[in-house]
Each structure stands twice: as C-alpha cells, then as structure tokens.
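Written out below as structure tokens is the structure these notes cover.
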Ligand code: CDP
C-alpha cells in the first residue's frame, strides 16, 4: 500500500481509527491450567499468551544468585504466527525482545526478596500483527500478578509510530511496515516509570514529546483494563466482590 493511503484525507487511518486510538483489545488472566500464573492478550489481530513459573529454586544450581532471584524471560513467535512461516527456533530478534521484556519486568519486581530462586516468564506470540513486544510485556505483567508475585506496579506498553508524516498510536502491521519511525514504550504508570523505550527511525524533539504523551494516554487505558482483568480473576475466588 502507498504510504499516503495509510492516512486518509480526514486524518483517519487505513483501519478507520483516529491517530490516538488503540486497536480493539481484550485481556484475560488465569487462562492456563499448568503455569503458576498466566494471561492472554489481543491487541487487534495480535494474540499472545504469557505464562509464569516461580519463584522456585534456581536450576541449574550454578545460575543461582545468593542475594536475589534471577528472572528468565523467553519471547517466542509461533511458526504460524506470521504470514511467512517462521523457523521454530529462537531468532536474534526473539533474543533481543526477550531481553527488553526481561529488563522492563526487572524494574518492577523485588528480586532481592527471593535469594537463590528463579522466576520464568514465557511470552508466546500466537498471531503477530505488530506491537508484540509491548503487548507481550502487558500480558507478562498480568501473568506475574496472577502468580502472586509482588511488583511495585503493573506494566503496560504500546508503540507510537510516524506514518505518512503523522504520529499514530498502536501501529498495525500494515502501518508498522510502512512507518518512518516506531517508538515502543512500556510504563509502570502508578510509579511514573518508563520501563521500556526503543526508537526505530527518527523523530524531532517535538514529535518525540508528543509521541510519549500519546503512549502514556494509551498505556493508562491498558492499565485500567489490566486492573479490571485481575479483579475479574480474583472475584472468581470470592476475594473481590466488585
Ligand atoms: O512486534 P513488534 O512491533 O514489537 O516488533 P517488530 O520487530 O517491529 O515487528 C513488527 C511486526 O512484524 C511483528 O509484530 C509481526 O507482525 C511482523 N513480523 C513478521 O511478520 N515476521 C517476523 N519474522 C517478524 C516480525
């Protein structure tokens, strides 16, 4: 698709969204039987499961740290998640995204509370339509909360991009492929902390400030939905009546 067609004359996007509008999304907590904590997220056509094990004894034992838990994170895309079949193994990109998601989660976890332990986070992308690192982070944070692991705050993420010269929130893959810049952002809103920030492409200072403002607004919406998803999960146990 030609770049100019990605933004219509009336300023709306190719899928009809306004520039600062998120895709339709859905979150659910406690979706997997066999993990200690789990969550599912859909952001538009992007579909991701996150699963958490731990804290548990670090294994193999030589990786144990005497004063803290180690956090292991694996971001992985299913072979069938993208239009061109992806080899099942871990690519360089998946290693990179595992690292940025791990670092984002480390900034809210109290790892020093669990010496010689480990926490494992698995982010499995079932279907990808852009925004998988940020949606994966949002789901991973929910899965950690579901596992009962204390955190300073939940984290949520969304990307802002520059498409045909305009800043837009929560890129779809069609927009992502044709964008001039892509800024994935993860935040812990209640403690006002930025936990993930990457920039692909170029933005002016003014565009960067505006993009961060748009990301923050989007993240606040996702954050409220995260709290609702957790309340729904625990209401099922009769612990929350709301
Ligand atoms: O997913 P995210 O936007 O965080 O990361 P990206 O590296 O900017 O990838 C953008 C999108 O490209 C992914 O979400 C997929 O939809 C697509 N992609 C793909 O089709 N095949 C791959 N091997 C990797 C990514």
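The values are calculated or read from the model by the stated rules, or taken from the named source; none is laboratory data. Because the structure is predicted, anything quoted here is derived from the model rather than measured. Cβ placement follows ideal geometry from the backbone for every residue including glycine, while neighbour counts extend to all protein chains displayed.
Summed over region 7-30, residues that are surrounded by fewer than 18 Cβ atoms within 10 Å (Cβ to Cβ), within 23 Å of residue 130 (Cα to Cα) and away from the ligand (no atom under 16 Å from the Cβ) total 11.
Residues of region 177-198 that are within 11 Å of the ligand (Cβ to nearest atom), surrounded by fewer than 22 Cβ atoms within 10 Å (Cβ to Cβ) and either without any contact (Cβ under 8 Å) to a residue 12 or more places away in the chain or more than 13 Å from residue 133 (Cα to Cα) (or both): 177 alone.
Does residue 42 satisfy the criteria of being under 16 Å from the mean Cα position of the chain (by Cα) and either surrounded by fewer than 20 Cβ atoms within 10 Å (Cβ to Cβ) or outside any strand (DSSP E or B) (or both)? Criteria met by residue 42.
Residue count for region 75-86, restricted to those that are more than 9 Å from the ligand (Cβ to nearest atom), more than 19 Å from residue 158 (Cα to Cα) and not in a helix (DSSP H, G or I): 2.
Once region 192-212 is narrowed to residues that are touching a strand residue (DSSP E or B) at 6+ places or on another chain (Cβ under 9 Å) and in a helix (DSSP H, G or I), the residue that is nearest to residue 171 (Cα to Cα) is 211.
Residues are listed down the side, and each one gets a yes or a no for (1) touching a helix residue (DSSP H, G or I) at 6+ places or on another chain (Cβ under 7 Å); (2) away from the ligand (no atom under 16 Å from the Cβ); (3) closer than 25 Å to residue 194 by Cβ; (4) modelled with pLDDT of 95 or more:
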| site | (1), (2), (3), (4) |
| --- | --- |
| 53 | no, yes, no, yes |
| 72 | no, yes, yes, yes |
| 88 | yes, no, no, yes |
| 92 | no, no, yes, yes |
| 96 | no, no, yes, yes |
| 99 | no, no, yes, yes |
| 105 | yes, no, yes, yes |
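One residue stands out among those in region 128-169 that are within 10 Å of the ligand (Cβ to nearest atom) and in a loop (DSSP other than H, G, I, E, B): the one that is surrounded by the fewest Cβ atoms within 10 Å (Cβ to Cβ), which is 128.
For region 111-127, indicate whether the set of residues that are away from the ligand (no atom under 15 Å from the Cβ), under 30 Å from residue 9 (Cα atoms), surrounded by fewer than 18 Cβ atoms within 10 Å (Cβ to Cβ) and more than 15 Å from the chain's Cα centre (by Cα) is non-empty.
So the first thing to find is which residues in region 111-127 are away from the ligand (no atom under 15 Å from the Cβ), and the list is 111-122.
After this cut, where a residue has to be under 30 Å from residue 9 (Cα atoms) as well, the list is none.
No, because not a single residue in region 111-127 is away from the ligand (no atom under 15 Å from the Cβ), under 30 Å from residue 9 (Cα atoms), surrounded by fewer than 18 Cβ atoms within 10 Å (Cβ to Cβ) and more than 15 Å from the chain's Cα centre (by Cα).
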